[in-house]
Amino acid sequence: MTTTFLALLHRDLRVARRELPFFLLRVGLQPLLFTFIFGFVMPRLGIIPRGYTNMFLPGILGLSMTLSSMQAVALPLVIDLGWTKEIEDRLLAPITISGVAIEKMVVGILQAIVAGIVVLPLAWLLMRVHLSLRIDDVIQLLLVAFLSSWLFAAFGLVLGTIVETQQIGLVFNILLAPMIFFGCAYYPWATLHAIRWFQIAVLINPLVYASEGFRLSLTPQMPHMPPWSVYGGLSGFSLLFSWIGLRNFERRALD
Amino acid sequence: MQAAIAVEKLRKIYQPKARKGVEVKALDCISFEVPRGEFFGLLGPNGAGKTTTIGILTTRVRPTDGFATIAGIDVARNAVAVKRHIGVVPQMNNLDRSLTAREILVFHAEYFGVPRHEREAKAQELLQRFELTDRANEKVTGYSGGMVQRLKIARALMHDPAILFLDEPTTGLDPQARRAMWDLLSELNAKGQTIFLTTHYMEEADQLCRQIAIIDHGTLLALDSPAALKRSVPGGYLIELQVRDGDARSFTSALPNLPGVVEVKSDHERVRIYADRVEGLLANAMRLASEHDVMVSDAHVAEPSLENLFLHLTGRSLRN
């Protein structure tokens, strides 16, 4: 069972390694442009204050990691389950059906971690002059990074098992835009108390907990959500989506 | 000796996917056994329940009722253990398009825990045997139908399965590739490989299989060797007539009196005469037709065949 799990992982990492240049371009481009405009151009023009980038770094890191994780799981699954049926090969490997799904989530988490390793120094390099980062608690950062990646890998599993191939573009557009804009990636959740109903409404957005988690561990001096709600939200949504995703996957894999 | 495959009172009903959909009864209480080393064919038209049967036996479809075992292991209860014993060649091309042909084979063996040097050697051996070495390091998107089919079989053999399942392995292949596929499968079986194959081509089942189960609408109609099945058609020979005008009813009721006729079945303008010999029978039938003012617009004489048997059992042709 473990041997098969590792073999499946080996296959996915081989394919991911082959696509590494595209992967780097995809995860690198957004933070690169963002930090250039908000961290360099706009402070120079005096449109935003210099310290403002502190607010962005956690959000950008969170976005890159969560989106990588989600895409790594959801996109291949939608195509595999709905169209090419390539995954049948792995469903016939001597491993349980949920074993195959869990392996997919692990791949998502690993890709998110690679995205984080690329984006964090990239963003930091660009914004270094203006940043006053205090990484008090590396363990806290790793924990938030792991939980956020897991949450979005599980969310990717849910999407990958319910979305039909023809709708994938539509679903991604309709879902991603509000999730990103209402996900507290570009503004701290704590400051939303001025618009109380909005502050409460965004709590159904799992991205909020990821953004706030990174804010908590990277820029604790900025206003942020209390740690217990960050960890509660991240683990609660992770468990919920994993449960739904695994159940759906089994339903799609077996007739 | 324990059977390679045992199926007992297997039923499968697909629940409707949409709210207003209807239940589909795919399998209705079928039972059979396949001994080790057998070349077993499941023959039936499209929609007969062949793919569902193979799906259940290969753990991909959950039976509604009854049970099936592979090498004595219950497929529904212990799917993981069953998967170790089987190699599956599905109907559609599900080859991993992100990998090269060689990688497909090597990774497949890795999923089954075959040690590295062994899986590389085995991949090389199968690539050579199936004449795929030239393009082994290419991705499979440009492969021809025959190459895809050969690679799918090679993949299924990478972990030395006790039973090889093939779902319609020659559908979509040109005659030459089909012939090559037949040779390949016969050769595998001659070396002791147990093979379970589904097909809707009678000549394929006839040529390859030692045991054939004929299935239609989810029920098993007959199960025997090809020779015994053909013998079971009344008389063996079949004369089919397309008739018009005249007194067709009295014509068909007079037909059984002709020498050699075993059974007569008629259906609108089509009359089927089963006979144990055909010498002179067609001429006699034509004469009888003109006596009854019946016009025969088409006549066809067929040797004993599985097609005749299927027609006899279901009243329908397997080809349609």
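Bear in mind that the values in this text are calculations on the coordinates, not laboratory data. Source: prediction; values computed, not measured. Cβ: placed from backbone, ideal geometry, glycine included. Neighbour counts: every protein chain shown.
What 222 nm value per residue comes from the helices of chain B, counting each DSSP H run with n ≥ 4 as -39,500 (n - 2.57) and dividing by all residues, nearest 500 deg cm²/dmol? List each step's numbers first, then the result.
Values: 11 runs with 109 residues, N = 320.
The helix contribution divided over chain B gives -10000 deg cm²/dmol.
Nearest 10 degrees, 0 to 90: what angle lies between the long axis of helix A:138-162 and the longest principal axis of chain A (Cα atoms)?
50
Starting from the Cα of A:Leu203, step 7 Å along the direction of its Cβ; do the same at B:Ala227; then give the gap between the two resulting points in nm.
The modelled label-to-label distance comes out at 8.0 nm.
Considering every Cα-Cα pair within the range A:2-253, what fraction, in whole percent, is farther apart than 25 Å? Please list the in-between numbers first.
Values: 13743 of 31626 pairs.
Cα-Cα pairs of the range A:2-253 separated by over 25 Å account for 43 percent.
Per DSSP H run of at least 4 residues, take -39500 (n - 2.57); add these up for chain A, divide by its residues and hand me the 222 nm value, nearest 500 deg cm²/dmol. Please report the intermediate quantities before stating the final value.
Details: 11 runs with 183 residues, N = 255.
When only DSSP H runs of four or more count, the value is -24000 deg cm²/dmol.
Among B:Leu127, A:Leu170, A:Leu192, which comes first, second and so on when ranked by fewest other beta-carbon atoms within 10 Å? Write out the running numbers ahead of the final one.
Numbers: B:Leu127 21, A:Leu170 11, A:Leu192 18.
Ascending Cβ contact count within 10 Å gives the list A:Leu170, A:Leu192, B:Leu127.
How much length would be gained if the chain were fully extended between B:Asp293 and B:Glu118, taking 0.36 nm per residue of separation minus their Cα-Cα distance, in nm to one decimal?
On the way: separation 175, 0.36 × 175 = 63.00 nm, distance 7.49 nm.
Taking 0.36 nm per residue and subtracting the Cα distance, the gain is 55.5 nm.
How big is the equivalent ellipsoid of the range B:5-223 along its three axes, where each semi-axis is √(5λ) from the Cα gyration tensor, reported in whole Å from largest to smallest?
29, 19, 18
Let me spell out the model: positive unit charges on the Cβ of Lys and Arg, negative unit charges on the Cβ of Asp and Glu, origin at the Cα centre of the range B:5-223. What dipole size does that give, in debye rounded to 20?
Dipole magnitude for the range B:5-223 comes out near 760 debye.
Among A:Gly245, A:Gln167, A:Thr53, pick out the residue whose Cα is farthest towards the positive end of the charge dipole of chain A, where Lys and Arg carry +1 and Asp and Glu carry -1 on C-beta, about the Cα centre.
So the residue furthest toward the plus end is A:Thr53.
Using the count of nearby Cβ atoms within 10 Å as a rough guide to exposure, how do A:Met225, A:Met70 rank from fewest to most? All intermediate terms of the calculation are to be shown ahead of the outcome.
Numbers: A:Met225 21, A:Met70 29.
With the sparsest Cβ surroundings first, the list reads A:Met225, A:Met70.
Using only Cα atoms, figure out Rg for the range A:1-55 and give it as a multiple of 2.2 N^0.38 Å.
Numbers: Rg = 19.3 Å, N = 55, 2.2 N^0.38 = 10.1 Å.
Here the Cα radius of gyration is 1.92 times the empirical estimate.
Of A:Phe5, A:Val158, A:Leu67, which is farthest on the positive side of the dipole of chain A, counting Cα position, with +1 on Lys and Arg Cβ, -1 on Asp and Glu Cβ, and the Cα centre as origin?
Going by the Cα projections, it comes out as A:Leu67.
Rounded to the nearest 10 degrees, what's the angle between the helix A:168-181 long axis and the longest principal axis of chain A, both from Cα atoms, 0 to 90?
Orientation of helix A:168-181: about 30 degrees from the principal axis.
Quick check: pseudo-label points 7 Å beyond the Cα along Cα→Cβ at A:Ala194 and B:Lys139, how many nm apart are they?
Inter-label distance under the simple model: 5.0 nm.
Please work out how much length the chain gains when fully extended from A:Phe36 to A:Arg18, using 0.36 nm per residue of separation minus the C-alpha to C-alpha distance, in nm with one decimal. Each step should come with its number before you reach the end.
Details: separation 18, 0.36 × 18 = 6.48 nm, distance 2.87 nm.
Stretched fully, the A:Phe36-A:Arg18 segment lengthens by 3.6 nm.
In whole Å, what is the distance between the alpha-carbon centres of the range B:109-186 and the range A:213-248?
Using only Cα atoms to place each centre, the spacing works out to 47 Å.
Give the residue from B:Asn93, B:Ala76, B:Leu223 lying farthest towards the positive end of the charge dipole for the range B:5-223; charges sit on Cβ (+1 for Lys and Arg, -1 for Asp and Glu) and the dipole is referred to the Cα centre.
The one lying farthest along the dipole's positive direction is B:Ala76.
Nearest 20 debye, what's the magnitude of the dipole of the range B:234-303 about its Cα centre given +1 on Lys and Arg Cβ and -1 on Asp and Glu Cβ? All intermediate terms of the calculation are to be shown ahead of the outcome.
Values: 7 positive and 12 negative charges, 18 e Å.
Roughly 80 debye for the range B:234-303.
So, R0 is 45 Å and r is the distance between the beta-carbons of B:Glu131 and A:Phe181; what FRET efficiency does that work out to, to 0.05?
Numbers: r = 56 Å, r/R0 = 1.25.
Efficiency at R0 = 45 Å is approximately 0.20.
Angle, helix A:97-127 long axis vs. longest principal axis of chain A, Cα atoms, 0 to 90°, nearest 10?
20
Would you mind computing, in nm to one decimal, how far apart the modelled labels at A:Arg26 and A:Leu240 are, each placed 7 Å from Cα along Cα→Cβ?
Modelled inter-label distance: 2.6 nm.
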